[in-house]
Each structure stands twice: as structure tokens, then as C-alpha cells.
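Worksheet: one structure, shown below.
The values are calculated or read from the model by the stated rules, or taken from the named source; none is laboratory data. Because the structure is a prediction, the values reported are computed rather than measured. Counting neighbours? That spans all protein chains shown, and the Cβs are built from the backbone with ideal geometry, glycine included. Keep in mind that these areas ignore ligands, DNA and RNA; they rest on the heavy atoms of the full protein, side chains included. Shrake-Rupley method; radii C 1.70, N 1.55, O 1.52, S 1.80 Å.
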Amino acid sequence: MPSEHSALKNHHQSGDTEPASPQYGTIPPTDTSEDEPECSTFEERVAIPAGSSEIFSFRKLWAFTGPGFLMSIAFLDPGNIESDLESGAIAGFQLLWVLLLSTVIGLLLQRLAARLGVVTGMHLAEVCKREYPRVPRYILWLMIELAIIGSDMQEVIGTAIAFNLLSAGRIPVWGGVIITVGDTLVFLFCDKWGLRKLEAFFGLLITVMAITFGYEYVVVAPDQAQVVKGMLIPYCRDCGSAQLEQAIGIVGAVIMPHNIYLHSALVKSREIDRNNKEEVKEANKYFFIEASIALFVSFLINVFVVAVFAEAFYGKTNMQVHQQCNQSGSPNADIFPYDNQTLEVDIYKGGVVLGCYFGPAALYIWAVGIFAAGQSSTMTGTYAGQFVMEGFIQLNISRFARVLLTRSVAIIPTLLVAFFQDLNRLTVMNDLLNALQSIQLPFALIPILTFTSLPSIMNDFANGLFWKIGGALTTVAICAINVYFVVVYVTQLNILAVNIITGLLSVAYFCFIVYLVWKCLIALGVSCLDVSCRRNPGPVLVEDQSDSDS
């Protein structure tokens with residue numbers, strides 16, 4: 001018996017915009033093999049309180065609370081924290097509006113991801129598996145895996161530096177890298193508690209970050225008027241290329257590709273009757289409210305970090321910091337050159353500078369916050385990897401094996417750099433990883449916009465004209481910003497071999513982007529690009545296809 005064709009083919013070839021089934025979130029499968037594994041990550045579902053005619057219910061909001069906070073941890077990983085402190089030290093309060101705008105854009109993109117999961121009952125990787133041919137979906141899988149591994153390396157670096165700071169240098173950075181292998185056991189232990197307890201544990205880690213970075217904010221006492229002005233007025237007086245690159249870095253650090261895949265899967269942990277339009281609509285509402293609250297909390301924590309370094313260290317020179325560290329008795333004064341160059345900070349130097357100016361307590365509390373950021377983002381990264389692997393290639397391996405695999409790939413290069421080089425090389429590696437994740441963004445943004453715009457997938461919940469236009473413009477802007485960031489980063493390396501290899505890879509990269517954009521434009525309604533429709537203007541019956549390679 002022929003298998004049903006994909007939603008993309010159904011939408012493009014038959015020209016229908018109405019779903020054949022009255023169910024909400026039913027995607028016609030492209031492969032009906034009986035042994036197709038189901039996503040097994042969530043063994044329990046959270047029940048939603050039944051029956052309530054109220055417009056808003058705190059009981060229901062509490063039942064839906066969890067996925068948004070897990071998703072928000074990606075906005076607080078060590079890479080984001082480093083971007084925040086560099087922003088404050090380089091541009092003062094002037095880039096806070098970029099952070100606010102990036103967070104709002106991130107919220108809107110996460111809304112699309114959550115709606116896809118709620119309406120279809122499938123996460124983004126599963127939909128990509130069903131809707132894209134074999135080669136494109138394997139390329140997508142590899143790109144997202146690279147993003148996850150890159151993020152994992154940043155978490156390893158952040159956690160290792162936290163160990164070094166907390167031990168007053170007794171644990172070398174390479175030793176901290178080795179210790180992070182223990183994250184596997186911690187994660188597996190927490191995973192046995194049950195879903196709601198695990199979500200509560202993540203909430204605890206976010207609370208630790210809020211308290212630690214909030215403590216630094218209170219101690220430093222930034223000018224509140226400058227904080228508000230920086231958030232609400234888009235300006236950057238006397239800014240140059242360094243500030244522009246930092247602004248672009250903020251966008252790249254906040255909006256992460258694997259987080260789109262993660263959020264679309266996390267929302268599947270709630271019991272929702274997808275045959276009931278009102279329940280689906282209600283779930284979309286509460287998940288959006290919860291995500292808004294979660295990202296508001298993450299935004300405040302990021303503001304704490306930016307404001308602390310903007311108030312205390314904007315415009316400072318290496319000589320000033322060196323002298324202050326000597327006066328305070330810090331053993332780390334030598335990491336700041338004795339010159340009049342503008343201070344450059346990273347996660348490690350940031351902790352040292354806080355200790356020099358505000359006492360050892362500020363340094364240790366900073367390290368605790370970095371440790372919480374590294375641990376929490378490690379766990380959510382593991383979840384994202386599990387979803388992506390199960391969705392794209394239907395490989396259902398244990399989380400223990402998954403963590404060992406990605407953590408091994410992340411630890412080996414980080415360990416070599418940490419053992420044979422100094423902390424400055426780890427900062428260079430962190431910049432490289434930010435560039436790596438920036439170029440992966442189109443592989444999440446374009447598919448999520450494509451699938452949420454198709455009525456054949458989303459039914460009555462497909463994107464309207466406003467969301468189609470707004471989503472398309474946002475995707476183009478974000479991708480352009482991040483491509484610029486990567487080009488600037490590569491050209492600054494000034495290595496001929498790297499430039500040649502990058503040029504060759506860029507050709508393949510942009511060809512694949514063009515393919516994804518072509519599919520997306522057809523989904524957005526630009527039917528003149530659909531070659532199959534021009535050849536076959538009438539309804540087309542699709543023959544049986546194996547392995548969904550349509």
C-alpha cells in the first residue's frame with residue numbers, strides 16, 4: 001500500500017491549504033514502517049488541570065511551567081555571560097538595548113518552536129525527518145550536532161574556569177576540564193528524580209545565577225538611570241568596529257540554533273488532547289506566557305552582568321587594574337599587562353577583576369554563578385542532543401552514551417588547549433565556538449519558519465501574513481548579522497590557508513542555504529518558485545516512496 005506523501009508535497013503539489021483531517025497537529029507520515037522508534041525521552045507526562053472557564057488560571061500556568069525555563073538556560077550559558085561582560089567593558093551601558101531586542105526576537109522564535117511541538121505533537125527534528133529528502137536532512141543533522149558540540153565545549157570551558165577560581169588556582173584549568181566528566185553522573189542522577197523534580201532542579205540553578213550575579217549588581221551599584229537609558233534608547237556614542245562586533249556577538253550568543261529544536265521537544269512533556277482545538281489553543285497561550293516569564297528572568301540576569309562591568313570597568317586600562325590588584329594583594333595581577341591599553345576581560349579575568357576591586361567574596365560568588373551556568377547548560381545541551389539524534393536519524397541511544405559521546409568530543413580539544421596553552425587560548429577558542437554557532441543559525445530558523453507557515457502541518461495554527469513577513473525579515477536579518485560576524489572573525493585571523501578553506505566551504509554552505517530558502521519561500525506562498533507545480537498544474541498523486549526520500 002503506498003505511503004502517504006509529506007505535508008510539504010501535499011501543500012505544494014495539490015495546492016490545498018486545508019488539512020484533510022479535522023485533527024489538530026496531525027502530520028501525514030512519510031514512512032509507515034511499524035518498527036519506527038518513537039521519541040522516548042519523556043517517560044512521563046504532566047497532567048493539565050481539567051475544566052476551567054477562566055481566561056487565566058494560575059493552576060494551569062503552574063502545570064505548563066517548566067519547558068520555558070529549561071529553554072531559557074541557553075540564554076544564560078557561559079558563552080552568553082562572557083558576551084555580557086565584554087559588552088559592558090567595551091561599550092558600557094550602550095548595548096543593553098541590543099540585549100533587550102535580541103531577547104525579544106529570541107522569544108518570538110521560541111514561540112514558533114513551542115507552537116510546532118504543541119500543534120503537531122512532533123518536535124522540529126522529527127518534522128525535518130519527515131519533510132526533507134534524505135541528503136538535506138542528514139546535512140541539517142550534522143550542522144545542528146556541530147552547534148551542540150560547540151556549545152558543550154563552551155560549557156566545559158566555563159565550568160573548568162569556575163573550578164579554577166573556586167580553588168584559588170589549586171585546580172588547574174585542565175584539571176577542571178577532566179572534572180567536568182563527572183557531569184555525566186550528575187545528570188543521570190538528576191534524571192532519575194522525575195520530570196517535575198528535574199525541572200525544579202533547573203529552577204534552582206537559575207535561582208543560584210540570579211542570586212550570585214544579583215549580588216555583584218548590588219555590590220557594584222550601577223547608575224540606574226544609565227541602565228534604563230541603555231535598555232530603552234538605541235544609541236552607541238563614539239562606537240567603533242569593536243563595539244559593532246560586540247553588538248553582533250550579543251545577537252549570536254543569545255539566539256542559539258539547537259535551542260529552537262530543544263523547545264519544540266520540551267513542550268511534548270504535557271498531556272494535551274491535540275484533537276481538541278481549544279486545548280491546543282490554551283496550551284499555546286500558557287507556554288507563551290511561561291516562556292515570556294522565563295526569558296524576562298534570564299534577561300535580568302544578563303543585565304546584571306552587563307551593568308556590573310559597565311559601571312566598574314568601562315574605560316579602565318590594564319595598568320589601572322594591575323595596580324589595583326597589587327594593592328589588594330591578588331596573586332593574579334600579572335595577567336593584566338602593565339600598559340595603557342583598554343582592559344579586555346573574559347570569564348576568568350572578569351572574576352579576578354571583581355576580586356581585586358570588591359574583595360574575595362565577589363570573586364568566589366562570581367565563580368559559583370559561572371559554575372551554575374555551566375552545569376545547567378550542560379544538561380539542557382544533552383537533552384537537545386538526544387532530541388536531535390532521535391528525530392533526524394531515529395537513533396535512540398541511552399542518555400549515558402549520548403553524554404559520553406558529546407562530552408568526549410568536547411573535552412579532548414579543550415583539554416589539549418588547556419594543558420599546553422594558557423587561558424588566553426581558551427578565550428580565543430570561545431570566540432571560535434561563537435562563530436561556529438553563528439553559522440548554524442539558518443539551519444534552525446529557516447526550517448521552523450517553513451513548517452509553522454504550512455497549513456498542511458499546522459492547520460488553523462499556521463502563521464498568518466504578519467508572522468510570515470515578520471519571521472522572514474527577522475530570519476534574514478539574523479542570518480546576515482551572523483554571517484557578517486563570521487566573516488569579520490575569519491578575516492581577522494589573517495591565515496591564508498584558513499581563508500582558502502573557508503572560501504571553499506562557503507560555496508557549499510550558501511548553496512544549501514539557497515535550497516532551504518527556496519523551500520521556505522514556497523511554504524510562505526511564493527508558488528511561482530514551485531517547479532513541480534508549474535510542470536503539473538493539476539493535482540498530483542505521489543507514488544510510494546521508501547525512507548521518506550521525497
Across region 152-181, the tally of residues that are surrounded by fewer than 20 Cβ atoms within 10 Å (Cβ to Cβ) and either under 24 Å from the mean Cα position of the chain (by Cα) or of a type in the set (Asp, Glu) (or both) stands at 1
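Matching residues to (1) assigned to a helix (DSSP H, G or I); (2) out of contact with any Ser or Thr (no Cβ under 6 Å at 6 or more places or on another chain); (3) open to solvent by 30 Å² or more (accessible area, probe 1.4 Å):
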residue: Ile260; (1), (2), (3): yes, yes, no
residue: Ala265; (1), (2), (3): yes, yes, no
residue: Asp273; (1), (2), (3): no, yes, yes
residue: Phe288; (1), (2), (3): yes, yes, yes
residue: Asn302; (1), (2), (3): yes, yes, no
residue: Ala312; (1), (2), (3): yes, yes, no
Which one is farthest from Val305 (Cα to Cα), of the residues in region 65-97 that are open to solvent by 10 Å² or more (accessible area, probe 1.4 Å) and over 17 Å from the mean Cα position of the chain (by Cα)?
-> Thr65
Within region 321-330, which residues are in a helix (DSSP H, G or I) and either more than 36 Å from the chain's Cα centre (by Cα) or of a type in the set (Gly, Ala, Ser) (or both)?
-> Gln323, Gln324, Asn326, Gln327, Ser328
Mind checking which pairs have a first residue in region 509-523 that is in a helix (DSSP H, G or I) and a second that is charged (D, E, K, R) and open to solvent by less than 40 Å² (accessible area, probe 1.4 Å), Cβ under 6 Å, 6 or more apart or different chains?
-> Ile522/Asp530
Say we look at region 238-258 and pick out the residues that are touching a Ser or Thr at 6+ places or on another chain (Cβ under 6 Å) and of a type in the set (Val, Ile, Thr); which of these is farthest from Val486 (Cα to Cα)?
-> Val254
Of the conditions (1) open to solvent by 40 Å² or more (accessible area, probe 1.4 Å); (2) within 18 Å of the chain's Cα centre (by Cα), Ile149 fails just one. Which one is it?
-> (1)
Qualifying positions in region 478-497 - open to solvent by 50 Å² or more (accessible area, probe 1.4 Å) and without any contact (Cβ under 8 Å) to a residue 40 or more places away in the chain = Ala480, Val487, Thr491, Gln492, Leu493, Asn494, Ile495, Leu496, Ala497
Does Lys349 satisfy the condition of being within 29 Å of the chain's Cα centre (by Cα), more than 30 Å from Glu126 (Cα to Cα) and basic (Lys, Arg)?
-> yes
Give me a count of the residues in region 212-240 that are of a type outside the set (Val, Ile, Thr), open to solvent by 80 Å² or more (accessible area, probe 1.4 Å) and part of a helix (DSSP H, G or I).
-> 3
